[in-house]
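Each value in this text was obtained by applying a stated rule to the coordinates, not by laboratory testing. Since we're looking at a predicted model, the values are computed, not measured. Neighbour counts run over all protein chains shown; Cβ positions are idealised from the backbone, glycine included.
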2 protein chains.
Amino acid sequence: MKLQPIATNFTLKDHVYDRLRAAILEMNIYDEDADLRLDERSLAEQLQVSRTPLREALTRLEQDGFIEIRARKGVFVVRKTLDEILEMIVAWAALESMAARLAAEAASEAQIKALRKHAAKHSESSAAADLSEYSEANIRFHQMILEMSGCGLLASMAEGLFVHMHAVRRRAMAEGDRASRSVVDHMGIIEALEARDADLAERLVRDHTMRLHTHVRRAWTALEGIQGTGEAAG
Amino acid sequence: MKLQPIATNFTLKDHVYDRLRAAILEMNIYDEDADLRLDERSLAEQLQVSRTPLREALTRLEQDGFIEIRARKGVFVVRKTLDEILEMIVAWAALESMAARLAAEAASEAQIKALRKHAAKHSESSAAADLSEYSEANIRFHQMILEMSGCGLLASMAEGLFVHMHAVRRRAMAEGDRASRSVVDHMGIIEALEARDADLAERLVRDHTMRLHTHVRRAWTALEGIQGTGEAAG
DNA sequence: CTGTGGTCTATGGTATACCACATGTCGAGG
DNA sequence: CCTCGACATGTGGTATACCATAGACCACAG
């Protein structure tokens, strides 16, 4: 008989990390009256675990930049400042543009074909229709390029930045008809990849992402803070 | 009178993290007979702290990719594979080339002048003379570019990659007269920055770093592992 | 000699108790 | 009424005890 090994890797620390991370991402941390305070003992009770594994999870979350632990003060979910968000977009542009360069050189024809197929499903007409759905497709598009680079590190680093911006992306997508523009940009990127033009692919991806940078900087500057992300599709 | 606030942030967790990190970086982890095993209780005893803060430090180190914690098996310092090192170089190139682009656009004249001054101190003649010293200057050169980008995130992400490669860099520097070539590359980069040519600066930095990538791939492929980093200057 | 199963020990995982500091409260003293 | 300090309480920080499993070791049956 054949048996799969019992998963023995599951530790409370990891479970707790996942739960908390998901919960934090779900929070509307930019609401004015959001409760950014976390209480170790309370969390431990809710999760039904002791503080030890909980604290180890919190340590990870802190390093990820999701929370800040202030000794004898409390644990707080961090609000990214506008500057920090802009820097994340820059770093993201750096990583993904390099990924595009590599993809243009190394991606298989099948991968590029799959990318075009994916993009085709979400053409201009439908983009504006359902922003929520398009937002998902948009994320997938970028993930595919990261994957096509063949460099897992680029992908994982970009992913780490991505999660910090999911609220940002939702919001920005709804502003200034960016979705339609996005579709056009994507097509250009695909064509550059098909042409195996690494320089062009890199530039297009960088410009595409930096347009988000410019948009966010212009649109949100002078706002005291980012408030009410509110579902973009709503 | 003026007084600096007492540093109250110093927690054992952070101290332990620093110590362990330094100790790991100091290790010759690629020695065949290196002891990659860490023992929680032993470490706690050596550091004179309990296991609790120690484990929190280990959690951080694990996420940083320095160690691997296997439940009921042990804590192990991880050896980076050649592929992982190559991917780190790629990511590094992505970040620093973007930094160069930004620096060309935003750096002050004073900063660029300082960069040239720094590079001048380590001209070709001296480069080959004392590799160890030049290696330090080389690191500083790259850090300066990261700083000149004005994007702290780029700098910190690159720094995170850097520390994983300090042994790699030392070794590669000594091979194939790379130090001299490095000096030439640096001068070209400086000139591009002085000319405020963002495209050129980006390309030169990327090419410079990717030359390291090519070198490492060629020189170390087919080696079963990286062995004996041995001081490059020796 | 061999292999099978029990047992012993090392190790990370978890729970819990206690500590030190930060902060809010309240009352004495002015 | 205001000030200031003692005290109560809440919070994260640390130490320690105990648990469950992995793996080595050993005794014994064949």
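Exceeding 25 Å between C-alpha atoms, which entries from my cross-link table qualify? They are A:K73/B:K13; A:K80/B:K117; A:K13/B:K73; A:K80/B:K80; A:K2/B:K80.
Numbers: A:K73/B:K13 16 Å; A:K80/B:K117 37 Å; A:K13/B:K73 16 Å; A:K80/B:K80 32 Å; A:K2/B:K80 34 Å.
Beyond 25 Å between Cα atoms: A:K80/B:K117; A:K80/B:K80; A:K2/B:K80.
If neighbour count is taken as other Cβ atoms inside 10 Å, put B:V163, A:V49 in order from fewest to most. Could the numbers behind the result be given before it?
Details: B:V163 13, A:V49 17.
In increasing order of surrounding Cβ atoms, one gets B:V163, A:V49.
Could you order the peptides A:6-12, A:197-203 from most to least packed, using the average number of other C-beta atoms within 10 Å per residue? List each step's numbers first, then the result.
Values: A:6-12: 10.1, A:197-203: 19.4.
Sorting A:6-12, A:197-203 by mean packing, highest first, produces A:197-203, A:6-12.
Based on the Cβ-Cβ distance of A:K113 and A:Q48, what FRET efficiency does E = 1/(1 + (r/R0)^6) give at R0 = 56 Å, to the nearest 0.05?
On the way: r = 49 Å, r/R0 = 0.87.
My answer for the efficiency is 0.70.
Placing the label point 7 Å from Cα along the Cα-to-Cβ direction, what are the distances from B:D33 to the equivalent spots in the other copies, shortest first, in nm to one decimal?
6.9
Using Cα pairs closer than 8 Å and at least 6 residues apart in sequence, work out the relative contact order for the range B:30-138, in percent. Can you show the working numbers first?
Numbers: 47 pairs, mean separation 19.1, N = 109.
It rounds to 18 percent for the range B:30-138.
Output, in nm with one decimal and in ascending order, the distances from the B:I139 label point to the matching label points of the other copies (7 Å from Cα along Cα-to-Cβ).
Values, ascending and in nm: 3.8.
Pick from B:R101, B:R41, B:R178 the residue whose mean-square fluctuation is largest in a GNM of chain B, springs joining Cα atoms under 10 Å.
Taking springs between Cα atoms under 10 Å, the residue moving most is B:R41.
Tell me, what is a quarter of the convex hull surface for the C-alpha atoms of the protein assembly as shown, in nm² with one decimal? Display every interim value, and only then the final one.
Values: hull surface 114.7 nm².
For the Cα atoms of the protein assembly as shown, the hull's average projected area reads 28.7 nm².
Report, in degrees rounded to the nearest 10, the 0 to 90 angle that the Cα long axis of helix B:131-148 makes with the longest principal axis of chain B.
80 degrees
Rounded to two decimals, what is the ratio between the C-alpha radius of gyration of the range B:97-222 and 2.2 N^0.38 Å?
Values: Rg = 14.0 Å, N = 126, 2.2 N^0.38 = 13.8 Å.
The range B:97-222 yields a ratio of 1.01.
Please tell me the relative contact order of chain B in percent, rounded to the nearest whole number, where contacts are Cα pairs under 8 Å and at least six residues apart. Please report the intermediate quantities before stating the final value.
Values: 256 pairs, mean separation 62.7, N = 234.
About 27 percent, as a whole number.
What nm value, rounded to one decimal, do you get for the distance between A:R196 and B:D207 when each label is placed 7 Å out toward the C-beta?
Result for the modelled spin labels: 2.1 nm.
Mean residue ellipticity at 222 nm from the helices of chain A, using -39,500 (n - 2.57) per DSSP H segment of n ≥ 4 over the full residue count, to the nearest 500 deg cm²/dmol?
Details: 11 runs with 159 residues, N = 234.
Theoretical 222 nm ellipticity from helices: -22000 deg cm²/dmol.
Which length gain, in nm to one decimal place, applies between A:D39 and A:F10 when the Cα-Cα distance is subtracted from 0.36 nm times their residue separation?
Values: separation 29, 0.36 × 29 = 10.44 nm, distance 2.41 nm.
Stretched out fully, the A:D39 to A:F10 stretch lengthens by 8.0 nm.
Convert 4 °C to kelvin, take the viscosity as 1.567 mPa s, use the Kirkwood radius over C-alpha pairs of the range B:137-179 as Rh, and evaluate the Stokes-Einstein diffusion coefficient in µm²/s, rounded to a whole number.
The calculation lands on 116 µm²/s.
Any lysines with Cα under 23 Å of the A:K113 Cα? List them, leaving off those in the same chain fewer than 8 positions away.
A:K121
Among A:M173, A:M187, A:M148, determine the one that fluctuates most according to a GNM of chain A built with springs between C-alpha atoms less than 10 Å apart.
The residue that fluctuates most here is A:M187.
Top mean-square fluctuation among A:A106, A:A34, A:A192, Gaussian network model of chain A, C-alpha springs under 10 Å?
Maximum among the listed residues: A:A34.
Give me B:V78, A:V184 ranked fewest to most by other Cβ atoms within 10 Å of their Cβ, as a rough exposure proxy.
Values: B:V78 16, A:V184 12.
The fewest-first ordering by Cβ neighbours comes to A:V184, B:V78.
Cα-based Rg of the range B:149-216 per 2.2 N^0.38 Å, rounded to two decimals?
Details: Rg = 13.1 Å, N = 68, 2.2 N^0.38 = 10.9 Å.
Rounded to two decimals, the normalised Rg is 1.20.
From the label point of B:E109, set 7 Å along Cα to the beta carbon, how far off in nm is each other copy's matching point, shortest first?
Nearest first, the other copies' label points are 5.6 nm away.
Mind giving me the FRET efficiency for A:S180 and A:E133? R0 is 22 Å, r the Cβ-Cβ distance, nearest 0.05 is fine.
Numbers: r = 15 Å, r/R0 = 0.66.
Efficiency for this residue pair is about 0.90.
If you take the Cα Rg of chain A and divide it by 2.2 N^0.38 Å, with N the number of residues, what do you get?
Values: Rg = 20.1 Å, N = 234, 2.2 N^0.38 = 17.5 Å.
Relative to the rule-of-thumb radius for its length, chain A sits at 1.15.
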